[in-house]
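Asker: My questions all concern the structure below.
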Amino acid sequence: MKKTIFFLSVLLYFISPFLGPTYAADLKLIIHDFACEEEEIIINYSVKNYINFDRSNVSLVFKIIKEEKPIACKELTVTIPKGADGSKIKELVIDAKCEEKSLSLKSSIFHDKANYNKRHRIDQFFTGCP
């Protein structure tokens, strides 16, 4: 009986990573260009889907940082089609005052089956956003 419980515990331990959230290797956010024009920040991006099915409810998050302080944040909820190879470039415009020389961009992609866990991680990413 103890051997069976031990075996099941070990088995559960090794398969548990596949039951939870999507891993970074499943989807990839690619930033092609990031520019500041007058009162707008323009981000050109694309997404690769390494899995052979559509991914719905995927959150793409962007944080614009000036002198180590976030000045603008944006979240997009999108569906990534199967076979997306990152060649379809999309544009995101964020209204914010900017000076190109001092800006940086942080971005990430979130997709979990458990929406609470995803929302919590996105809120952590957006810490300090206006």
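The values are calculated or read from the model by the stated rules, or taken from the named source; none is laboratory data. Just so you know, these numbers come straight off a predicted model, no measurement behind them. Using ideal geometry, Cβ is built from the backbone for each residue, glycine included, and neighbour counts are taken over all protein chains shown. Remember, those area values only see protein heavy atoms, side chains included, never the ligands or the DNA or RNA. Shrake-Rupley method; radii C 1.70, N 1.55, O 1.52, S 1.80 Å.
Asker: Given contacts defined as C-alpha pairs under 8 Å and at least six residues apart, what's the relative contact order of the range 38-98, whole-number percent? Before the final figure, lay out each step's value.
Answerer: Values: 111 pairs, mean separation 32.3, N = 61.
Reported as a whole number, the value is 53 percent.
Asker: Among Lys74/Lys118; Lys82/Lys106; Lys28/Lys66; Lys97/Lys118; Lys88/Lys118; Lys28/Lys88, which pairs are too far apart, with a Cα-Cα distance over 22 Å?
Answerer: Numbers: Lys74/Lys118 15 Å; Lys82/Lys106 25 Å; Lys28/Lys66 25 Å; Lys97/Lys118 29 Å; Lys88/Lys118 25 Å; Lys28/Lys88 13 Å.
Result: Lys82/Lys106; Lys28/Lys66; Lys97/Lys118; Lys88/Lys118 exceed 22 Å.
Asker: In whole percent, how big is the carbon plus sulfur part of the accessible area of the range 35-81, probe 1.4 Å, protein atoms only? Don't jump to the answer; show the numbers that get you there.
Answerer: Working: 1070 of 2440 Å².
Carbon and sulfur atoms account for 44 percent of the accessible area of the range 35-81.
Asker: Same structure, new question: In what order, largest first, do His32, His111 sit by accessible area if the probe radius is 1.4 Å? All intermediate terms of the calculation are to be shown ahead of the outcome.
Answerer: Details: His32 90, His111 30 Å².
I get His32, His111, largest accessible area first.
Asker: What list of ³J(HN,Hα) couplings, whole Hz, do you get for the range 67-84 from phi and the Karplus terms 6.51, -1.76, 1.60, once you set θ to phi - 60° and write x for glycine and proline?
Answerer: These are the phi-based 3J(HN,Hα) values: 6, 6, 10, x, 10, 7, 9, 8, 10, 10, 10, 9, 10, 9, x, 5, x, 5 Hz.
Asker: With a ≥ b ≥ c the root eigenvalues of the C-alpha gyration tensor of the range 21-89, is it rounded (a/c under 1.5), prolate (a/b larger than b/c) or oblate?
Answerer: On the way: a/c = 2.60, a/b = 1.91, b/c = 1.36.
Cα axes put the range 21-89 in the prolate bin.
Asker: Identify the GluC sites (Glu not before Pro) of the range 72-101 meeting these criteria: DSSP loop state and at most 11 other C-beta atoms within 10 Å of the C-beta.
Answerer: Working: sites: Glu75, Glu91, Glu99, Glu100; in loops: Glu99.
Listed in order of number, the matching sites are Glu99.
Asker: If DNA, RNA and ligands are ignored and the probe is 1.4 Å, what is the ranking of Arg119, Arg55 by accessible area, most exposed first? Before the final figure, lay out each step's value.
Answerer: Values: Arg119 95, Arg55 15 Å².
If we order Arg119, Arg55 from most to least accessible, we get Arg119, Arg55.
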